[in-house]
There are 2 protein chains.
Amino acid sequence: MGRPARLSREAIVAAARRILGTEGVGSLSMRRLAKDLDSTPMALYHHVKDKDELLLLLLEEHAAQFPRPDLPPEPRDQLITAAQLLHDILAECPWIVEVLASDDLMAVSALWIVENIIDGAVRCGMTPEQAVYAYRVIWYYTAGELMLRASRGKHYSRPDAGAHREKAFANLDPAQFPRLSALAGRWPTLTARDTHRSGLIAVIDGLLRQTVG
Amino acid sequence: MGRPARLSREAIVAAARRILGTEGVGSLSMRRLAKDLDSTPMALYHHVKDKDELLLLLLEEHAAQFPRPDLPPEPRDQLITAAQLLHDILAECPWIVEVLASDDLMAVSALWIVENIIDGAVRCGMTPEQAVYAYRVIWYYTAGELMLRASRGKHYSRPDAGAHREKAFANLDPAQFPRLSALAGRWPTLTARDTHRSGLIAVIDGLLRQTVG
DNA sequence: ACCTGAACACCGTTCAAGT
DNA sequence: ACCTGAACACCGTTCAAGT
């Protein structure tokens with residue numbers, strides 16, 4: 001019957017997800033993964049093309065397992081809810097943004113969301129061209145939020161987190177930077193707030209006004 | 001008189017900028033930099049704290065040298081022009097976005113732009129809190145656009161660029177994805193368009209409507 | 001087909017020693 | 001103070017060989 005393969009795509013993806021969950025993306029390397037599987041780095045390359053493919057497999061798995069709620073029928077609500085959902089799915093694997101960036105299309109298991117964003121936009125009165133434009137603006141906002149959220153998470157445990165910022169604020173000339181000086185004390189609190197949804201609504205309504213009045 | 005230091009911050013930054021300009025961020029490593037300076041990697045650490053500090057020095061230099069045009073007096077125009085300027089300054093060094101992300105404040109030589117964004121927002125009628133919120137939404141949009149632009153640049157020369165996307169579109173079920181199927185052929189053209197400014201205006205007007213009606 | 005070992009061509013950074 | 005050499009603890013990936 002031919003000896004069974006020791007490794008498999010599934011086993012590799014499962015081990016990778018375990019590392020991701022317990023130690024973060026920073027710890028996920030082909031070598032570390034091989035060690036966890038009692039194998040060698042090169043054995044992995046028989047099952048996945050390269051590290052990017054492995055990361056995409058992880059996203060596919062994550063997105064496929066994510067619940068698919070019914071979307072509201074009203075087109076603007078559908079647009080907002082779908083865009084929010086796109087953010088929420090990726091918020092749990094923000095490391096994927098860099099991989100997705102190389103091609104500007106979502107992973108296939110998250111494509112239904114893109115379809116719903118475009119559909120909502122068209123049903124709001126946009127042309128298909130305008131709907132793609134709106135999707136891109138929403139995607140830039142979402143990707144930026146995810147990237148900055150991820151690197152905040154990466155550095156928040158450092159003892160000197162925000163040291164550079166505090167020093168910059170302390171050296172601020174109030175005559176030259178009146179607005180920033182006045183805000184200095186409240187800046188950390190204000191920037192720590194989660195304003196994603198509210199910002200998303202502003203972005204979408206701005207796009208709707210610009211295109212369909 | 002004590003022998004002069006062979007290396008200096010300035011010489012290191014200059015060599016780094018040369019590598020950045022001719023070969024891109026991917027080629028900028030402390031070891032490569034040392035080689036270009038006929039020195040050793042560790043000699044560099046006597047003049048800069050670490051690689052992140054070096055990258056910030058490069059941004060400071062770039063932003064300081066950038067022209068500082070007068071901004072339009074009308075607050076909404078000031079807001080739009082300042083936000084556009086923020087994008088244009090960073091568009092020439094998009095690799096900095098990751099470094100800036102760790103602290104959520106701009107490099108000091110670009111702070112005058114942040115001041116003007118906040119000022120424009122306040123003069124449009126926003127409270128300082130709302131102005132910081134607006135700045136953050138604008139920054140997310142800008143950072144996302146820059147990041148995706150950068151990785152498009154990184155991969156556009158590959159022979160298989162867009163291969164994954166094309167295959168994904170080809171396998172699309174028109175019944176399940178009517179909007180995307182209809183757009184498939186035009187997707188590459190539509191997503192290649194530079195819509196930054198138009199999107200920025202939509203974002204800003206959306207924010208203004210949401211906060212000051 | 002699947003896996004191993006060794007190698008290639010790199011990283012950022014620390015440590016101990018030199019002048 | 002400034003610099004060097006060697007080392008630490010890693011990377012992703014290719015190549016040639018084994019079963």
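The values are calculated or read from the model by the stated rules, or taken from the named source; none is laboratory data. These figures come from a predicted structure and were not determined experimentally. Cβ atoms come from the backbone with ideal geometry, glycine included; neighbour counts cover every protein chain shown.
Below is a table of values for the structure above.
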read-out: Filter pass, A:Gly206 being assigned to a helix (DSSP H, G or I) and facing another protein chain (nearest Cβ under 7 Å); value: yes
read-out: Looking only at region A:24-43, and only at residues there that are assigned to a helix (DSSP H, G or I) and under 18 Å from the mean Cα position of the chain (by Cα), the one that is surrounded by the most Cβ atoms within 10 Å (Cβ to Cβ); value: A:Val25
read-out: Every pair of residues 6+ apart whose Cβ atoms lie under 9 Å, when the first sits in region B:164-185 and is free of Cβ contacts under 8 Å to residues at least 40 places away in the same chain while the second is surrounded by fewer than 13 Cβ atoms within 10 Å (Cβ to Cβ); value: B:Phe169/B:Gly185; B:Leu180/B:Pro174; B:Ser181/B:Asp173; B:Ser181/B:Pro174; B:Ser181/B:Ala175; B:Ala182/B:Pro174; B:Ala184/B:Ala170
read-out: Subset tally (residues that are assigned to a helix (DSSP H, G or I) and more than 8 Å from chain A (Cβ to nearest Cβ)) for region B:121-145; value: 6
read-out: Among the candidates A:Val25, A:Val99, A:Val48, residue that is touching an Asp or Glu at 6+ places or on another chain (Cβ under 7 Å) and within 12 Å of DNA strand D (Cβ to nearest atom); value: A:Val99
read-out: Identity of the residue in region B:55-75, more than 14 Å from chain A (Cβ to nearest Cβ), out of contact with any Asp or Glu (no Cβ under 7 Å at 6 or more places or on another chain) and not acidic (Asp, Glu), that ends up nearest to DNA strand D (Cβ to nearest atom); value: B:Leu58
read-out: Among (1) under 16 Å from B:Trp95 (Cβ atoms); (2) within 10 Å of DNA strand C (Cβ to nearest atom); (3) aliphatic (A, V, I, L, M), the one test that B:Ala16 misses; value: (2)
read-out: Residues being under 22 Å from A:Ala110 (Cα atoms), at pLDDT below 90 and either among the basic types (Lys, Arg) or in a helix (DSSP H, G or I) (or both) - total across region B:155-184; value: 9
read-out: Any hit, region B:12-19, residues being closer than 21 Å to A:His164 by Cα, within 16 Å of DNA strand D (Cβ to nearest atom) and more than 14 Å from chain A (Cβ to nearest Cβ); value: yes
read-out: Pair list, Cβ < 7 Å and 6+ apart or interchain, from region B:51-69 residues that are under 19 Å from B:Ser8 (Cα atoms) to residues that are not aliphatic (A, V, I, L, M) and not in a helix (DSSP H, G or I); value: B:Leu58/B:Cys93; B:Leu59/B:Cys93; B:His62/B:Glu92; B:His62/B:Cys93
read-out: Single unsatisfied condition, A:Asp70 versus (1) under 30 Å from B:Phe177 (Cα atoms); (2) loosely packed, with under 13 Cβ neighbours inside 10 Å; (3) at pLDDT below 95; value: (3)
read-out: Residue within region B:93-107 that is of a type in the set (S, T, N, Q) and either surrounded by fewer than 16 Cβ atoms within 10 Å (Cβ to Cβ) or modelled with pLDDT of 95 or more (or both) present; value: no
read-out: Condition check for A:Leu71: within 21 Å of the chain's Cα centre (by Cα) and assigned to a loop (DSSP other than H, G, I, E, B); value: yes
read-out: Selected residue (only one of A:Ala16, A:Ala43 is at pLDDT 95 or above and touching a Lys or Arg at 6+ places or on another chain (Cβ under 8 Å)); value: A:Ala43
read-out: Test result for A:His46, away from chain B (no Cβ under 12 Å), not hydroxyl-bearing (Ser, Thr, Tyr) and not in a helix (DSSP H, G or I); value: yes
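A quick yes/no check of all residues on (1) more than 10 Å from DNA strand C (Cβ to nearest atom); (2) farther than 22 Å from A:Val108 by Cα; (3) at pLDDT below 95:
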| residue | (1), (2), (3) |
| --- | --- |
| A:Ile12 | no, no, no |
| A:Leu20 | yes, no, yes |
| A:Gly26 | yes, yes, yes |
| A:Arg31 | no, yes, no |
| A:Leu54 | yes, no, no |
